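Below is one structure, written out as structure tokens; the observations come after it.
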Amino acid sequence: MAGAPLMATPKISVRSVSKTFDLAGHELAALQDVSLDIADNEFVTVVGPSGCGKTTLMNILAGLEEPTGGHAVVDGREVSGPGPDRGVIFQQYALFPWLTVRRNVEFGLREQGVGRRERRELADHYLRLVGLEQFADALPKTLSGGMRQRCAIARAYAVNPSILLMDEPFGALDALTRVNLQEQLLQTWNEERRTVLFITHDVDEAVFLANRVVVMAARPGRVFDVIDVDLPYPRPEEARLSPEFAALRNRVWRAVHHQDGGPAVVPQPSVPTA
Ligand SMILES: Nc1ncnc2c1ncn2[C@@H]1O[C@H](COP(=O)(O)OP(=O)(O)OP(=O)(O)O)[C@@H](O)[C@H]1O
Ligand SMILES: [Mg+2]
């Protein structure tokens, strides 16, 4: 596979995974022979055209779908269902509307049998980490989209999963909120490392966050290219303005938009500079 580094013991190992769906009598190859290793504490982003199998790949790793061929392995064990080692953040922030922000964050801890006092301490810690401590007693409907997504991130972090699977978590947000949340997510990840698989449509986002960007192609869904992002962390906002960032961004953009090898015209970046 192009660009894959050698890894002694990967945290996540996707080995020749295929997934076919039966679509009105014919077979649709959502994923075909996808292989990918992700190291412990690595931040990997996945970009690719609509329908290339990004969500399918995430669902397989989350244990919500079974592959038709190959193996999805986490910590050396084949994935056989969802587990507390993998926190999943979906595009539609799935908060419980009748619970306050703090109780949403406490929810998974309660399920795990964590006592009331420790639950509260953990919830408050993660709410501070995402800057929502003043909204602990608010209901989700009184929060903005970005705040809800921060709450979802706090909730996923609180149960201490070693892996975060995020499916276009910032997709529905405006550009400025999105940039703020990207920075906040990186800050959170710098303080408490996790292995992250982050799906996005946004090339800037893919490069800004990742150690490595996986570019997928559609029909059949497959890995098209894997691009290393050799930019140091922590990455301040200004990192987006560097020539190195621009070069990586152009490379990923070309891989996403010119999978047939046609000529590429790369658009200028539209990064808020305020
Ligand atoms: N449950 C299902 N039944 C049948 N076909 C499905 C199912 N889930 C996904 N597919 C098909 O598999 C392909 C990959 O879908 P998937 O949702 O993984 O794509 P994606 O890369 O996440 O796309 P998007 O960027 O639009 O979210 C699509 O062609 C889709 O129609
Ligand atoms: Mg999807």
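What to note about this one:
- Computed FRET value (nearest 0.05) for Thr20 with Arg77, which takes r as the C-beta separation and R₀ as 25 Å: 0.55
- Order of Phe198, Phe90 - criterion: other Cβ atoms within 10 Å of each residue's Cβ, fewest first: Phe90, Phe198
- In nm, spacing of pseudo-spin labels at Ser162 and Leu139 (7 Å Cα→C-beta vector): 4.0 nm
- Classification of region 51-118 by its C-alpha gyration tensor yields an oblate form. The axis ratio a/c (a ≥ b ≥ c) is 1.5 or more, and b/c is at least a/b.
- Cα gyration tensor category, rounded, prolate or oblate, for region 126-170 with a/c compared to 1.5: oblate
- Under 27 Å of direct C-alpha separation, and excluding same-chain neighbours fewer than eight residues apart, Lys141 reaches no lysines at all.
- If you plug the beta carbon distance of Arg128 and Asp230 into 1/(1 + (r/R0)^6) with R0 = 25 Å, you get a FRET efficiency near 0.20.
- Exposure proxy order (Cβ contacts within 10 Å, fewest to most) of Tyr157, Tyr233, Tyr126: Tyr233, Tyr157, Tyr126
- For the chain, the direction-averaged projected area of the alpha-carbon convex hull comes to 15.7 nm².
- Volume per residue of the convex hull around the Cα atoms, evaluated for region 99-155, comes out as 64 Å³.
- Compared with the alpha-carbon gap, the fully stretched path from Arg117 to Ala94 is longer by 5.8 nm at 0.36 nm per residue.
- Rg and Dmax, both from the Cα atoms of region 1-105 and both in Å, are 15.7, 47.
- Computed from the C-beta positions of Asp85 and Ser242, the FRET efficiency with R₀ = 35 Å rounds to 0.50.
- Set of lysines with alpha-carbon distance to Lys19 below 27 Å, sequence-local pairs under 8 removed: Lys11, Lys54
- Whole-angstrom Cα spans of region 121-254 along principal axes, big to small: 46, 35, 28
- Using the Cβ of Ser13 as centre and a radius below 11 Å, the other residues enclosed give a net charge of 0, where K and R count +1 and D and E count -1.
- The residue list Val88, Gly115, Leu241 was ranked by how far each Cα lies along the charge dipole of the chain toward its positive end, using unit charges on Cβ atoms, and Gly115 comes out on top.
- Taking the charge dipole of the chain about its Cα centre, with +1 at Lys and Arg Cβ atoms and -1 at Asp and Glu Cβ atoms, the residue from Val14, Phe43, Met166 reaching farthest to the positive side is Met166.
- Anisotropy class of region 80-178 from Cα gyration tensor, a/c 1.5 cut: oblate
The numbers here are math on the coordinates, done by the rules we state, and not lab data. Note that the structure is predicted; figures quoted are calculated from it, not measured. Don't worry about glycine lacking a Cβ; one is built from the backbone with ideal geometry, like all the others, and counts go over all protein chains shown.
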